[in-house]
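Here is the structure we will look at.
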Amino acid sequence: MSKTALIVCGALAREVIAIKEKHGWDADLLGVSSQLHNRPEKIGTAVQKRIHEARETHDRVIIVYGDCGTGGRLDAVLAAEGVERISGPHCYEMYAGGPEFATLMAEEPGTYFLTDYLLRSFESLVIKGMGLDRYPQLRETYFHNYTRLLYLAQTDNAALREKAQWAADYLGLRLEIRQTGYGALESRLVALME
């Protein structure tokens with residue numbers, strides 16, 4: 001055993017693969033379903049299962065996951081397992097960067113964030129996942145207090161920018177786009193790998 005296992009939230013998989021290839025790391029990715037964001041109380045158990053699987057074939061395990069609404073339960077699992085994770089509460093903060101994310105929230109608390117992944121999966125995660133396909137009247141209930149949709153773009157992709165506008169129109173929100181690249185996700189992962 002010599003490789004590192006990166007246990008990765010499915011919402012970050014493409015980006016972590018790109019970062020891994022850029023830096024030439026000898027690491028394997030083990031994914032955890034991004035669908036768990038709709039049930040964050042299950043994230044810790046799912047990650048713990050992946051840790052046990054990874055330890056069978058890898059001598060090092062790193063978790064590439066934010067707290068993502070677990071209320072510290074994920075960190076409790078990781079402490080019990082003796083495994084560290086990338087720092088940050090969620091991918092929005094990682095992409096925007098800690099201080100910049102705080103500024104974004106302070107300037108407009110009613111911000112709904114999207115990433116490349118969330119735009120690609122908008123129909124399944126937001127529309128179907130939140131039941132808006134079956135109960136469209138919930139859109140007003142869920143998004144009543146939001147004022148803007150902020151797309152934190154990891155790539156410069158015209159089709160995703162167009163889809164961001166469609167999503168903003170669907171939700172009745174003003175669109176803003178910020179090109180973030182991988183932001184602190186990359187720098188924090190580099191720090192853990194080296």
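Across the stretch 52-69, what is the total count of residues that are under 23 Å from THR4 (Cβ atoms) and not in a strand (DSSP E or B)?
Of the residues in the stretch 52-69, 12 are under 23 Å from THR4 (Cβ atoms) and not in a strand (DSSP E or B).
Collect the residues in the stretch 77-92 that are at pLDDT 95 or above and farther than 15 Å from VAL8 by Cα, keeping them in residue-number order.
VAL77, ALA79, ALA80, GLU81, GLY82
Quick check on the stretch 86-103: of everything there that is crowded, with 21+ Cβ neighbours inside 10 Å and either aromatic (Phe, Trp, Tyr) or assigned to a helix (DSSP H, G or I) (or both), which residue is farthest from the chain's Cα centre (by Cα)?
PHE101
Going through the stretch 28-51 one residue at a time, which ones are farther than 22 Å from TYR117 by Cα and either modelled with pLDDT under 95 or not β-branched (Val, Ile, Thr) (or both)?
Looking only at the stretch 28-51, we keep the residues that are farther than 22 Å from TYR117 by Cα, and these are 45, 48-49, 51.
Passing the criteria: GLN48, LYS49.
Mind listing whichever residues of the stretch 156-169 are surrounded by 13 or more Cβ atoms within 10 Å (Cβ to Cβ) and either within 30 Å of ALA27 (Cβ to Cβ) or in contact with a helix residue (DSSP H, G or I) (Cβ under 8 Å, 6 or more places away or on another chain) (or both)?
Of everything in the stretch 156-169, those that are surrounded by 13 or more Cβ atoms within 10 Å (Cβ to Cβ) and either within 30 Å of ALA27 (Cβ to Cβ) or in contact with a helix residue (DSSP H, G or I) (Cβ under 8 Å, 6 or more places away or on another chain) (or both) turn out to be ASN157, LEU160, LYS163, ALA164, ALA167.
This table checks each residue for (1) among the charged types (D, E, K, R); (2) part of a strand (DSSP E or B).
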residue	(1), (2)
THR155	no, no
TYR170	no, no
LEU175	no, yes
ARG178	yes, yes
GLY181	no, no
SER187	no, no
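May I ask you to verify whether GLY72 is closer than 17 Å to GLU93 by Cβ and exposed (fewer than 13 other Cβ atoms within 10 Å of the Cβ)?
Details: closer than 17 Å to GLU93 by Cβ: yes; exposed (fewer than 13 other Cβ atoms within 10 Å of the Cβ): yes.
In short, yes.
Pick from the stretch 1-41 the residues that are part of a strand (DSSP E or B) and among the aliphatic types (A, V, I, L, M): which of them is surrounded by the fewest Cβ atoms within 10 Å (Cβ to Cβ)?
In this case the residue turns out to be LEU29.
Kindly list the number of the only condition in (1) touching a residue at least 60 places away in the same chain (Cβ under 8 Å); (2) assigned to a helix (DSSP H, G or I) that fails for ALA164.
(1)
The values are calculated or read from the model by the stated rules, or taken from the named source; none is laboratory data. Just so it is clear, the structure is predicted and the values come from calculations on it, not from any experiment. Virtual Cβ from ideal backbone geometry, glycine too; neighbours counted across all protein chains shown.
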